[in-house]
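Peer 1: Take a look at the following structure, please.
The values are calculated or read from the model by the stated rules, or taken from the named source; none is laboratory data. Worth saying up front: this structure is predicted, and the values here are computed from it rather than measured. Cβ atoms come from the backbone with ideal geometry, glycine included; neighbour counts cover every protein chain shown. For the accessible areas, the whole protein counts, side chains as well, though only heavy atoms, and no ligand, DNA or RNA atoms are used. Shrake-Rupley method; radii C 1.70, N 1.55, O 1.52, S 1.80 Å.
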Amino acid sequence: AAAPVLLSLSNLKVAYGGIQAVKGVSLEVREGELVSLIGANGAGKTTSLKAVTGLQPVADGDVSYLGRSIRGQGAWDLAKQGLVMVPEGRGTFTRMTITENLQMGAYVRDDKDIDADIEKVFAIFPRLKERRDQLAGTMSGGEQQMLAMGRALMARPKVLLLDEPSMGLSPIMVDKIFEVVADIHRQGVTILLVEQNASRALALASRGYVMDSGQITMTGPGRQLLDDPKVREAYLGH
Ligand code: ATP
């Protein structure tokens, strides 16, 4: 039997004023999957995630999590239920240390085992351990991405929403970030990954969705999309 659907978007529409950015998107994420949502700049990927976590109002359609509609719920309430987003641009607390940022990530849950969970995050990101007492604002872009992901893990997510984690990073750091995404997935966290880096995102994905001008244009197993001539031409440049 197929794993249960944890997150689903059905005919989701989102607008900025008169501009429809998301024009009826349907997608689902099942327990244990890593689902990649790819597409060009401005396709509406980030806007879709924002609508899931209540950062942007839903104009029409629905979003459900664990079988119930979450329309209108805010990021904090959702994080408490295990649906946690790592935003584009990271949003770390720049004037707090690495350790303090990680502690903040645990605010949505009971305060047992926080130190043990910080050690688990440090095991995934040794760089953060080295810099545990450094202010987050003084870290490189890649390090701040690691911190944002580490902070999200502190909430003990069931489903992690990652918005363009590789954006603006050096090639070595991009490798590292995708390795960690795969690692977190292997550890049992269900992931919805939004990426412009289509080849890397599809290579990791159980399933993928291609988004163009506010709509889903293709879907299928990650490998199948990666080998599709139309996807290769439009998103991989060959
Ligand atoms: P990117 O990779 O650049 O983040 P994306 O696929 O995530 O692209 P969105 O950021 O969701 O795309 O943008 C979708 C559309 O909505 C674009 O046309 C964009 O210009 C528009 N848009 C995004 N944010 C706003 C905003 N705050 N106000 C008005 N229009 C917006």
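Peer 1: Residues of segment 113-144 being under 10 Å from ILE98 (Cα atoms) and either basic (Lys, Arg) or in contact with an Asp or Glu (Cβ under 6 Å, 6 or more places away or on another chain) (or both), which ones?
Peer 2: LYS129, ARG131, ARG132
Peer 1: VAL58 - would you say it is within 16 Å of the ligand (Cβ to nearest atom) and either without any contact (Cβ under 8 Å) to a residue 40 or more places away in the chain or out of contact with any Ser or Thr (no Cβ under 7 Å at 6 or more places or on another chain) (or both)? Give the derivation first.
Peer 2: Details: within 16 Å of the ligand (Cβ to nearest atom): yes; either without any contact (Cβ under 8 Å) to a residue 40 or more places away in the chain or out of contact with any Ser or Thr (no Cβ under 7 Å at 6 or more places or on another chain) (or both): yes.
Yes: the conditions hold for VAL58.
Peer 1: Continuing with this model, one more query. With (1) in contact with a helix residue (DSSP H, G or I) (Cβ under 9 Å, 6 or more places away or on another chain); (2) more than 16 Å from the ligand (Cβ to nearest atom); (3) open to solvent by 20 Å² or more (accessible area, probe 1.4 Å); (4) part of a loop (DSSP other than H, G, I, E, B) as the list, and PRO157 as the residue in question, which single condition is left unmet?
Peer 2: So the condition that PRO157 fails would be (3).
Peer 1: Say we look at segment 1-24 and pick out the residues that are closer than 21 Å to MET167 by Cβ and open to solvent by less than 30 Å² (accessible area, probe 1.4 Å); which of these is nearest to the ligand (Cβ to nearest atom)?
Peer 2: Restricting to residues being closer than 21 Å to MET167 by Cβ and open to solvent by less than 30 Å² (accessible area, probe 1.4 Å), the top hit is ALA21.
Peer 1: Taking the options TYR107, TYR65, name whichever one is of a type in the set (Phe, Trp, Tyr) and farther than 29 Å from ARG200 by Cβ.
Peer 2: Numbers: TYR65 fails: farther than 29 Å from ARG200 by Cβ.
Matching residue, one of TYR107, TYR65: TYR107.
Peer 1: Another question, then. Take the residues in segment 6-38 that are outside any strand (DSSP E or B) and at pLDDT below 95, then tell me which one is farthest from LEU83 (Cα to Cα). Full working, then the answer.
Peer 2: So the first thing to find is which residues in segment 6-38 are outside any strand (DSSP E or B), and the list is 17-18, 31-33.
Narrowing further to those that are at pLDDT below 95: 17-18.
On the way: GLY17: 27, GLY18: 29 Å.
Ranking the qualifying residues of segment 6-38, first place goes to GLY18.
Peer 1: Would you call SER69 open to solvent by 60 Å² or more (accessible area, probe 1.4 Å), more than 16 Å from the ligand (Cβ to nearest atom), over 14 Å from the mean Cα position of the chain (by Cα) and polar (S, T, N, Q)? Talk me through it step by step, then tell me what you get.
Peer 2: Working: open to solvent by 60 Å² or more (accessible area, probe 1.4 Å): yes; more than 16 Å from the ligand (Cβ to nearest atom): yes; over 14 Å from the mean Cα position of the chain (by Cα): yes; polar (S, T, N, Q): yes.
Criteria met by SER69.
Peer 1: Next up: Name the residue that is surrounded by the most Cβ atoms within 10 Å (Cβ to Cβ), counting only residues in segment 202-221 that are small (Gly, Ala, Ser) and within 12 Å of the ligand (Cβ to nearest atom).
Peer 2: First, the residues of segment 202-221 that are small (Gly, Ala, Ser): 203, 205-206, 208, 213-214, 220.
If we keep only those that are within 12 Å of the ligand (Cβ to nearest atom) as well, we get 213-214.
Numbers: SER213: 14, GLY214: 23.
The qualifying residue surrounded by the most Cβ atoms within 10 Å (Cβ to Cβ) is GLY214.
Peer 1: Got a sec? Which of VAL108, VAL121 is away from the ligand (no atom under 16 Å from the Cβ), buried (at least 18 other Cβ atoms within 10 Å of the Cβ), more than 23 Å from THR53 (Cα to Cα) and not hydroxyl-bearing (Ser, Thr, Tyr)?
Peer 2: Values: VAL108 fails: more than 23 Å from THR53 (Cα to Cα).
Checking each option against the conditions leaves just VAL121.
Peer 1: Restricting attention to segment 199-215, does a residue exist that is of a type in the set (A, V, I, L, M), at pLDDT 95 or above, within 12 Å of the chain's Cα centre (by Cα) and in a helix (DSSP H, G or I)?
Peer 2: Yes, segment 199-215 contains a residue that is of a type in the set (A, V, I, L, M), at pLDDT 95 or above, within 12 Å of the chain's Cα centre (by Cα) and in a helix (DSSP H, G or I).
Peer 1: Which one of GLY237, GLY188, GLY168 is open to solvent by 10 Å² or more (accessible area, probe 1.4 Å), on the phi > 0 side of the Ramachandran plot and free of Cβ contacts under 8 Å to residues at least 24 places away in the same chain?
Peer 2: Details: GLY188 fails: free of Cβ contacts under 8 Å to residues at least 24 places away in the same chain; GLY168 fails: free of Cβ contacts under 8 Å to residues at least 24 places away in the same chain.
The conditions single out GLY237.
Peer 1: What number of residues in segment 124-135 are open to solvent by 20 Å² or more (accessible area, probe 1.4 Å) and part of a helix (DSSP H, G or I)?
Peer 2: So the answer is 5.
Peer 1: Scan segment 28-53 residue by residue and report those that are open to solvent by 10 Å² or more (accessible area, probe 1.4 Å), within 15 Å of the ligand (Cβ to nearest atom) and touching a helix residue (DSSP H, G or I) at 6+ places or on another chain (Cβ under 9 Å).
Peer 2: Once the filter is applied, which keeps residues that are open to solvent by 10 Å² or more (accessible area, probe 1.4 Å), within 15 Å of the ligand (Cβ to nearest atom) and touching a helix residue (DSSP H, G or I) at 6+ places or on another chain (Cβ under 9 Å), segment 28-53 yields only ALA40.
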